[in-house]
Amino acid sequence: MDEPALIKALQDKMIAGAGIDVTVEEPLQRSSPLWDFANVLITPHTAGETRAYEDNVIDLLLENLDRLWRGETELKNGIV
């Protein structure tokens with residue numbers, strides 16, 4: 001995302017607000033003006049997480065651990 005452009009758009013009231021789950025620099029620096037906007041919601045990479053997501057992650061981890069234990073090299077949902 002172009003953070004300077006977003007900050008300018010917020011300052012100029014070109015947009016009503018923003019919800020941000022990812023920033024260019026992680027973690028977002030305390031000096032960032034984004035922290036000062038009342039109409040900006042900043043989450044720590046958790047905006048899309050739900051209980052079902054968490055359950056799925058655990059199931060995926062357990063399945064992949066089983067695969068590794070059996071000597072398999074192909075993991076479910078692996079990134080190549």
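Computed values, structure above
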item: Residue within the range 41-64 that is in contact with a Phe, Trp or Tyr (Cβ under 9 Å, 6 or more places away or on another chain) and at pLDDT 90 or above present; result: yes
item: Checklist (1) in contact (Cβ under 8 Å) with a residue 12 or more places away in the chain; (2) not in a loop (DSSP other than H, G, I, E, B) applied to residue 56, failing item; result: (1)
item: Any hit, the range 69-76, residues being part of a helix (DSSP H, G or I) and charged (D, E, K, R); result: no
item: Selection count where residues are under 22 Å from residue 49 (Cβ atoms) and of a type in the set (D, E, K, R), scope the range 1-24; result: 1
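Let's see how each residue does on (1) closer than 30 Å to residue 76 by Cβ; (2) without any contact (Cβ under 8 Å) to a residue 12 or more places away in the chain:
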site: 16; (1), (2): no, no
site: 35; (1), (2): no, yes
site: 50; (1), (2): yes, yes
site: 60; (1), (2): yes, no
site: 65; (1), (2): yes, yes
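The values are calculated or read from the model by the stated rules, or taken from the named source; none is laboratory data. Not measured: the values here are computed from a predicted model. In this analysis, Cβ positions are derived from the backbone assuming ideal geometry, glycine residues included, and neighbour counts consider all displayed protein chains.
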